[in-house]
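A short worksheet on the structure shown next.
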Amino acid sequence: MTELILSLDVLDRKEAVKVAESCAPFIDAIKIGYPLVLSSGLSIVEDLADLALPLIADFKVADIPNTNRLICEAVFSAGFDAVIAHGFVGADAARTCVEVAHRHSGAAYIVAEMSHPGATEFFHGGVAENLAELAVSCRADGIIAPATRPDRISRLREIVGSKAIYSPGVGAQGGDLDTVARLVDGVIVGRSIYEAENPGAEAERFSRIRR
Ligand code: C5P
């Protein structure tokens, strides 16, 4: 089964909760990043707790090991179940995120390659492959790879094997749902769902990948 993860980049707290509630029966996790946390605070986690869905903190953590540790401790203390971190800061910094996550019985995912057009400027030429290798060596739970480039997902799969691959970029960024769903463990969808007139119905439509 391929998971469907809602990227809840909704700024208004009440609206975010409403969207999450309407999508909840059709999704496997909710990804929350800076847009919602900066507008609503970390306590948004409490508003979503009743949904009993895993919450992924997409903070793309990218600092020295000690600061990464402080960030990840705050993430898991707030009630998140997983964190997304960058690997380009080096194995020591990335490993810190993994260690904190595992100490809290959570998960840590490393960004191997991003999904927007500009990502090719730095992630190509072997960098994404190196980051995927780093994710494996740091014992991360998986990587983030671009739904906009299925060929790149396949290449990164060769490196990470059975580790999870979660993939944003379907819909608004142009990635094709069915193509990507066959290659990854989870598809991350934001705008195509939360900007729809009926987010719940749209989530249900996307949830065909869970069968
Ligand atoms: O709205 P959309 O479906 O494009 O949302 C994709 C989400 O995934 C956004 O929160 C974006 O920041 C995030 N993301 C991404 N590409 C990555 C990593 C994260 O689009 N490589």
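Can you tell me the accessible area per residue over the chain, all protein chains present, probe 1.4 angstrom, in square angstrom? Provide the component values of the computation, followed by the final result.
Details: 9260 Å² over 211 residues.
So the chain comes to 44 Å² accessible per residue, rounded to a whole number.
If a/c stays under 1.5 just call it rounded; otherwise compare a/b with b/c (prolate if a/b is bigger, oblate if not). Do that for the stretch 55-211, with a ≥ b ≥ c from the square roots of the Cα gyration tensor eigenvalues.
oblate
May I ask you to give the average projected area over all directions of the convex hull of the Cα atoms of the stretch 1-139, in nm² rounded to one decimal?
About 8.8 nm², averaged over all directions.
Got a sec? What order do SER192, SER7 fall in by accessible area at 1.4 Å, biggest, i.e. largest, first?
SER192, SER7
Roll a 1.4 Å probe over the protein heavy atoms and report the accessible area of ASP28 in Å², nearest 10.
The accessible area comes out at roughly 30 Å².
Within the chain, how many Lys pairs sit with Cα atoms under 19 Å apart, leaving out pairs fewer than 8 places apart on the same chain?
Lysine pairs satisfying the spacing and distance rule in the chain number 5.
Would you kindly work out the equivalent ellipsoid of the stretch 159-202 from its C-alpha gyration tensor and give its semi-axes, the square roots of five times the eigenvalues, largest first in whole Å?
Numbers: eigenvalues 108, 19, 14 Å².
Equivalent-ellipsoid dimensions as semi-axes: 23, 10, 8 Å.
So how exposed is ARG191, as accessible area in Å² (1.4 Å probe, rounded to 10)?
Its heavy atoms expose roughly 100 Å² to the probe.
What longest range of the chain stays clear of loop-exposed GluC sites (Glu not before Pro) (DSSP non-H/G/I/E/B, at most 15 other C-beta within 10 angstrom)?
Details: sites that count: GLU195, GLU197.
Maximal segment without exposed cleavage sites: 1-194.
Given the options TYR34, TYR194, TYR166, which has the most mean-square fluctuation in a GNM of the chain, springs set between C-alpha atoms less than 10 angstrom apart?
TYR34
Going through the stretch 32-99, which chymotrypsin sites (Phe, Trp or Tyr not before Pro) have at most 16 other Cβ atoms within 10 Å and a DSSP loop state? Present the calculation step by step, with values, prior to reporting the outcome.
Values: sites: PHE59, PHE76, PHE80, PHE88; in loops: PHE80, PHE88.
In loop regions of the stretch 32-99 (DSSP not H, G, I, E or B), the sparsely surrounded chymotrypsin sites (Phe, Trp or Tyr not before Pro) are PHE88.
For MET1, MET114, give the ranking by accessible area with the largest first, probe 1.4 Å.
MET1, MET114
222 nm [θ] for the chain, helices only, -39500 (n - 2.57) per DSSP H run of 4+, per residue, to 500? It would help to have the intermediate numbers written out before the result.
Values: 11 runs with 92 residues, N = 211.
When only DSSP H runs of four or more count, the value is -12000 deg cm²/dmol.
Taking all protein chains together and a probe of 1.4 Å, list PHE123, PHE26 from the most accessible to the least accessible.
Values: PHE123 25, PHE26 45 Å².
Largest accessible area first, the list is PHE26, PHE123.
The values are calculated or read from the model by the stated rules, or taken from the named source; none is laboratory data. Small disclaimer: the values here were computed from a predicted structure and weren't measured. Heads up, the Cβs are rebuilt from the backbone with ideal geometry, glycines too, and the neighbour counts pull from every protein chain shown. For the accessible areas, the whole protein counts, side chains as well, though only heavy atoms, and no ligand, DNA or RNA atoms are used. Shrake-Rupley method; radii C 1.70, N 1.55, O 1.52, S 1.80 Å.
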